[in-house]
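Each remark here refers to the structure printed beneath this line.
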Amino acid sequence: MRHLPLSRLYQPLTARRHKDLPLPTGSKTYTGDLTYYGPGMGACGVVSGDDDPIVSVSHYVFDAVQMGSNPNANPLCGRKIRAERNDNGAMKSVDLTVVDRCK
């Protein structure tokens, strides 16, 4: 596991110049902890690099919707997740693509 400085982790959140998009109707909001890892080949069969806006979801969530034995066909693969953080009272967000599962 590589450790990145916080400034690099937050760079995609602050480097964007467009306005945050509204959440889709009927979407749910969840809270949790942010961790990070060195990307590569994910459970969805996608090879990702350090600069890709990606996310790995809990194996509990990923496996709960798995159909069949091929994780590349998981319906969560390719879905978008919006991650938010509070930056001195201003909410910042980044949209991430599901490419992996984690334990």
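Bear in mind these aren't lab numbers, they're just calculated from the coordinates by the rules spelled out. This is a predicted model, so every value here is computed, not measured. FYI the Cβ positions are ideal-geometry reconstructions off the backbone, even for glycines, and counts take in every protein chain you see.
What does the charge count near Pro71 come to, summing +1 for each Lys or Arg and -1 for each Asp or Glu among other residues with Cβ under 13 Å from its Cβ?
-1
Which value, in Å³ per residue, describes the convex hull spanned by the Cα atoms of segment 35-81? Walk me through the numbers on the way to the answer.
Numbers: hull volume 3.8 nm³, N = 47.
So the per-residue hull volume is 80 Å³.
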